[in-house]
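Worksheet: one structure, shown below.
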Amino acid sequence: MTVEEKVGQLVQLPAHFGGYTEKLEEWHVGSYLHCTGNMVHELQERAANTRLGIPLIFGIDAIHGHCFDNDSTVFPTQLSASSSWDLDLAYRMARVTAKETRATGQHWTFSPVLCVGRDARWGRVNETYGEDPWLIGEMAAATIKGYQGDSASSTDNILACAKHYVAYGEALGGRDSYEVDVSRRKLLSTFLPPFEKAVKEANVASLMTGYQAIDGVPVTADKWLLTDVAKTDWGLDGFIVTDWENVRSLHTKQTVCADEKEACYQSLMAGNDMMMSVPEFYPLTVELVNEGRVPQEILDEAVSRILTKKFELGLFDELRSYMGNREQDMSTPEHMAVSLEASRKSLVLLKNEGLLPLEPSKLNKVLVIGPNADDVIAQLGDWSFGSMQAGATNDTFHRDQTITTLQALTLAGQEHGFDVQYIKGADCEDETFEELVAVQDAASSADIIIACVGDTLAQNGEFHDRANLDLTGQQQALLEVAKASGKPLIVNFVASKPLTIPWVKDNADALICGFNAGPKAGQAFKEVLFGEVNPGGKLTISFPVHVGQSPVYYNKYQGWHAQNCAKLEGEERYIDMPTAPLFSFGEGESFSTFVYGAPTLNKTQLEKGEDLLVTFSLTNTSSRDGVEVAQVYFNDRYSSVTTPIKNLCGFARVELAAGESKQVVVTINQEQLAIVLPSLERCVEAGEFDLMVGASSKDEDLQKIEFSVLETYSL
Ligand code: BGC
């Protein structure tokens with residue numbers, strides 16, 4: 001290959017704007033992103049006719065389903081689906097997405113997101129698996145295995161991309177892509193482990209670097225993170241792609257490079273292999289190599305990483321131009337069944353004052369209110385064609401496969417003989433509130449009121465961080481009017497992320513949280529309402545009481561002053577409010593009741609490297625079949641560095657028939673107890689630990705048992 005042909009392989013350009021498809025032959029372009037429809041085929045043909053005929057690799061944001069294609073199966077967002085705590089479901093969702101993505105000629109999804117969602121102000125919290133790094137790693141590994149299958153060379157498989165490498169969600173103040181101030185020790189102990197699992201356990205094919213700088217070093221220019229950690233220490237055999245325009249930003253935004261050529265130089269030397277959407281990279285890098293500044297070996301290393309994946313995908317062979325059959329491969333009944341299952345499992349019952357499930361035959365009239373009762377875009381959330389990358393309206397994309405809450409209840413009304421009246425009443429985005437009297441009138445003749453409140457797409461995603469997490473528009477006023485009627489109030493929380501809804505917790509008779517729970521979320525909500533489905537989801541993210549608590553998360557550190565205060569007042573608190581969240585990580589109710597037996601351990605004194613096995617009985621004492629997500633946390637009592645008050649280290653999603661009892665065994669690998677020392681050495685430290693077992697991260701839900709590790713050793 002010539003220098004020009006090699007540099008071209010490192011170039012990824014947007015297909016749909018900028019006119020860059022014209023550059024394919026001249027710049028020997030190796031990859032396009034956001035290329036859809038017939039253009040995929042046309043560009044691949046053109047690439048085949050170049051001197052070396054190297055195939056293109058197409059990347060796309062198939063984030064919760066291959067959502068930029070209207071024929072695809074859409075799934076709940078990552079945050080929503082993570083409430084299922086169902087790794088097999090995550091795997092199967094990814095299998096469906098892989099099949100459908102490959103069927104449209106695409107090879108590579110920019111998914112999953114491994115960012116830690118701790119600050120609800122951040123616009124991209126919906127894209128995360130929540131706030132726990134260990135759970136994020138588990139969900140991500142299952143998803144990556146689903147995307148990639150056993151071998152990439154199959155019409156069912158695509159490459160995954162673990163992003164945004166790393167700690168991108170820690171942006172100061174929840175401000176997307178701002179500076180991140182975490183130490184290397186914190187990176188190693190909290191933010192890198194999910195990525196390490198993605199590389200070592202799931203063999204992820206690519207990483208994407210975040211937009212941000214960490215302690216003054218832009219991730220895109222950080223050789224330690226890219227080359228030393230990911231490639232050398234972990235053995236990443238795939239490639240690293242930058243995020244959008246990251247290379248140029250080293251010059252224009254982060255100003256660590258005086259010109260764009262220097263930015264290209266630093267990006268390459270740090271260990272990036274493919275540069276997203278930076279056209280000037282091509283001519284400037286050809287110059288850099290010809291001038292001898294960038295060594296050939298650096299260029300060759302990047303090219304061979306990319307070409308290896310193209311070979312593995314079968315693109316040099318029979319799969320070069322593979323396109324599936326839309327009718328047969330997309331949105332099949334089997335695929336849609338996985339989506340419906342995901343919607344059902346994503347719902348979290350956060351409050352139920354004995355009201356649910358309802359008996360539909362006893363209802364005469366249901367009043368539905370709120371902006372998100374019949375809004376496809378608010379329901380599906382980001383990256384589902386309504387997002388920045390492509391415009392859509394409620395009437396176009398994914399409308400056919402979507403069942404809103406209003407639609408589902410209307411059908412149920414026809415089936416069971418009750419009336420459904422809908423008054424929107426308020427809007428997420430404006431202050432409209434003209435139907436006060438109408439709501440009052442309608443409420444007086446209704447048996448129950450169902451309020452669908454939350455946020456909408458314009459209020460989340462990239463560039464859409466929030467400083468205020470209250471319900472917007474007149475949604476709160478609408479809820480208060482409904483409450484004043486004295487009729488039972490059920491809130492369906494359709495939002496991208498946690499919002500500050502203490503009033504809802506205090507005043508609603510029932511609260512179901514689905515976030516963006518997918519196209520069938522309306523149906524799933526209706527099924528829970530009437531007890532056709534017993535909710536089993538648990539939150540993977542805490543809800544702040546007030547935005548001033550942000551960031552709020554369960555695996556926090558014990559504060560000195562907070563402890564003094566706790567002695568005085570019985571709880572850790574600000575002077576003007578508690579620090580405890582409104583709803584905690586791991587929380588979620590069921591129509592069943594579960595009783596945990598006392599946990600026992602295989603050993604209370606662990607020799608070096610021994611696994612810890614915790615066993616406990618779990619009994620469904622109700623007359624309804626149900627699912628309980630039993631959680632296991634640990635606390636390192638005394639250690640060389642401060643450690644979180646508790647860390648999730650295992651869980652079991654247990655299905656229990658009415659009255660059934662099971663023995664549950666959860667295995668904890670001793671390495672999960674490791675800490676990172678100030679020297680950056682990772683070690684397991686001898687000493688005493690608490691193991692906690694129960695229904696959520698809240699102390700009152702957990703039973704404690706002690707164990708010790710006998711030996712200190714490095715990993
Ligand atoms: C986002 C990435 C995404 C990329 C390509 C960026 O703005 O940060 O998550 O994969 O665009 O669409």
Quick calc, region 293-440, dipole around Cα centre from Cβ unit charges on Lys, Arg (+) and Asp, Glu (-), nearest 20 debye, gives 360 debye
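When the accessible area of region 592-714 is computed with all protein chains present and a 1.4 Å probe, what percentage of it is carbon and sulfur?
Details: 2480 of 5420 Å².
Carbon and sulfur together cover 46 percent of it.
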Helix 281-290 axis, angle to the chain major axis (alpha carbon atoms, nearest 10°):
40 degrees
For region 635-644, what does the Karplus curve 6.51 cos²θ - 1.76 cosθ + 1.60, with θ = phi - 60°, yield as ³J(HN,Hα) per residue in whole Hz, taken in order and with x for Gly and Pro?
9, 8, 4, 9, 8, 5, 10, 5, 10, x
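Residue separation times 0.36 nm, minus the C-alpha to C-alpha distance between ARG51 and ASP150: what's the value?
On the way: separation 99, 0.36 × 99 = 35.64 nm, distance 3.21 nm.
Computed gain between ARG51 and ASP150 is 32.4 nm.
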Estimated vicinal HN-Hα couplings, Hz - region 573-590 in sequence order (Karplus 6.51, -1.76, 1.60; Gly, Pro = x)
7, 6, 5, 10, 5, x, 8, 5, x, 5, 10, 9, 3, x, 7, x, 9, 9
For region 479-531, Rg(Cα) over 2.2 N^0.38 Å is 1.19
How much of the accessible area of region 378-496, in percent, comes from carbon and sulfur atoms when a 1.4 Å probe is used?
49 percent
Once you have the Cα-Cα distance between GLU706 and GLU4, take 0.36 nm times their residue separation minus that, and quote the gain in nm to one decimal.
246.5 nm
Added length on full extension, which subtracts the Cα-Cα distance from 0.36 nm per residue, ASN203 to THR232
9.0 nm
Which of the peptides 164-170, 680-686 is most tightly packed, and how do the rest follow, going by the mean number of other Cβ atoms within 10 Å of each residue?
164-170, 680-686
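Please get the size of the charge dipole for region 1-144, origin at its Cα centre, with Cβ charges of +1 on Lys and Arg and -1 on Asp and Glu, quoted in debye to the nearest 20.
On the way: 11 positive and 18 negative charges, 20 e Å.
Around 100 debye, computed over region 1-144.
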Whole angstrom only: what separates the Cα centroid of region 282-354 from the Cα centroid of region 124-175?
12 Å
In nm, to one decimal, how far is the SER714 label point from the MET577 one, both placed 7 Å along Cα→Cβ?
4.6 nm
Among LYS23/LYS310; LYS309/LYS345; LYS526/LYS646; LYS23/LYS197; LYS197/LYS520, the pairs whose Cα-Cα distance exceeds 29 Å are LYS309/LYS345; LYS526/LYS646; LYS23/LYS197; LYS197/LYS520
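Counting only C-alpha contacts under 8 Å and six or more residues apart, can you give the relative contact order of region 241-294 as a whole percent?
Worked out over region 241-294, it gives 41 percent.
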Unit charges at the beta carbon, dipole of region 158-212: most positive-side option, ALA171, SER183, MET208
SER183
Roughly how far apart, in whole Å, are the Cα centres of region 485-525 and region 205-247?
39 Å
In whole Hz and in residue order, list the ³J(HN,Hα) couplings for region 5-16 that follow from phi through the Karplus curve 6.51 cos²θ - 1.76 cosθ + 1.60, θ = phi - 60°; x for Gly and Pro.
5, 5, 4, x, 4, 8, 9, 10, 10, x, 7, 9
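Across region 415-460, how large is the tail of the calculated P(r) beyond 14 Å, expressed as a percent of all Cα pairs? Before the final figure, lay out each step's value.
On the way: 611 of 1035 pairs.
The calculated P(r) of region 415-460 puts 59 percent of pairs beyond 14 Å.
Using helices alone, what [θ] at 222 nm do you get for the chain, with -39,500 (n - 2.57) per DSSP H run of 4 or more residues, divided over all residues and rounded to the nearest 500? Kindly include the intermediate steps, with their values, before the conclusion.
Numbers: 19 runs with 188 residues, N = 715.
After summing the helix terms and dividing by the residues of the chain, the value is -7500 deg cm²/dmol.
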Along the charge dipole of region 1-100, which of ILE57, ALA15, TRP27 sits closest to the positive end, that is, farthest toward it, with unit charges on the beta carbon of Lys, Arg, Asp and Glu (+1, +1, -1, -1)?
ILE57
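Considering only protein heavy atoms and a probe of 1.4 Å, how much of the accessible area of region 212-269 is carbon and sulfur, as a whole percent? If you can, show how the numbers build up before the last one.
Numbers: 940 of 2090 Å².
Carbon plus sulfur share of accessible area: 45 percent.
Estimate the FRET efficiency between PHE311 and ARG175 by the formula 1/(1 + (r/R0)^6), using the beta-carbon distance for r and 25 Å for R0, to the nearest 0.05. Mind showing how you got there, number by number?
Numbers: r = 41 Å, r/R0 = 1.64.
Result of the calculation: an efficiency of 0.05.
Going by a ≥ b ≥ c, the root eigenvalues of the Cα gyration tensor, does the chain fall in the rounded group (a/c under 1.5), the prolate group (a/b larger than b/c) or the oblate group? The partial results should precede the final answer.
On the way: a/c = 1.76, a/b = 1.28, b/c = 1.38.
Verdict is oblate for the chain.
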Under the definition of Cα pairs under 8 Å and six or more residues apart, what whole-number percent is the relative contact order of the chain?
13 percent
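Order the peptides 14-21, 467-474 from the highest to the lowest mean number of other Cβ atoms within 10 Å of their residues. Walk me through the intermediate numbers first.
On the way: 14-21: 14.9, 467-474: 18.4.
Top to bottom by mean Cβ count within 10 Å: 467-474, 14-21.
Treating only the Cβ of Lys, Arg, Asp and Glu as charged (+1, +1, -1, -1), what charge dipole size does the chain show about its Cα centre? Round to the nearest 20 debye.
Numbers: 58 positive and 100 negative charges, 148 e Å.
That gives the chain a dipole magnitude of about 720 debye.
With the other protein chains left in place, how much accessible area per residue, in square angstrom, belongs to the chain at a 1.4 angstrom probe?
Details: 25500 Å² over 715 residues.
For the chain, the solvent-accessible area averages 36 Å² per residue.
Once you order the gyration tensor axes a ≥ b ≥ c over the Cα atoms, which shape class does region 291-352 get: rounded for a/c under 1.5, otherwise prolate or oblate by comparing a/b with b/c? Walk me through the numbers on the way to the answer.
On the way: a/c = 5.91, a/b = 1.87, b/c = 3.16.
Oblate, since a/c reaches 1.5 and b/c is not below a/b.
In µm²/s, what is D for region 331-549 at 20 °C and 1.002 mPa s, where D = kT/(6 pi eta Rh) by Stokes-Einstein and Rh is the Kirkwood radius from Cα pairs?
Answer, rounded: 123 µm²/s.
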Stokes-Einstein D for region 205-251 at 20 °C, 1.002 mPa s, Kirkwood Rh over Cα pairs, in µm²/s?
196 µm²/s
Hey, what did region 592-714 get for relative contact order, percent, Cα under 8 Å, at least 6 apart?
30 percent
With every protein chain left in place, what is the accessible area of TRP234 in Å² (1.4 Å probe, nearest 10)?
30 Å²
Cα long-axis angle, helix 87-103 against the chain (0 to 90 degrees, to the nearest 10):
50 degrees
So how far apart, in nm, are the two label points at GLN328 and ARG399 if each is 7 Å from Cα heading toward Cβ?
3.1 nm
With the dipole of the chain defined by +1 on each Lys or Arg Cβ and -1 on each Asp or Glu Cβ, the option from PRO371, PRO535, THR410 whose Cα lies farthest towards the positive pole is PRO535
For region 39-54 and region 592-634, distance of Cα centres in Å:
56 Å
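Take the Cα radius of gyration of region 592-714 and divide it by 2.2 N^0.38 Å, with N its residue count; two decimals is plenty.
Numbers: Rg = 15.8 Å, N = 123, 2.2 N^0.38 = 13.7 Å.
Output field value: 1.15.
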Please give the FRET efficiency for THR642 paired with GLU301, using the beta carbon to beta carbon distance and R0 = 56 Å, rounded to the nearest 0.05.
0.90
How far apart, in nanometres, would the label points at SER623 and SER444 be if each is projected 7 angstrom from Cα along the Cα-to-Cβ direction?
3.8 nm
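The values are calculated or read from the model by the stated rules, or taken from the named source; none is laboratory data. The model shown is predicted, which means the values in this text are computed figures rather than measured ones. Glycine gets a Cβ as well: all are built from the backbone with ideal geometry, and neighbour counts include every protein chain shown. Heavy atoms of the whole protein, side chains included, go into the accessibility calculation; ligands, DNA and RNA do not. Shrake-Rupley method; radii C 1.70, N 1.55, O 1.52, S 1.80 Å.
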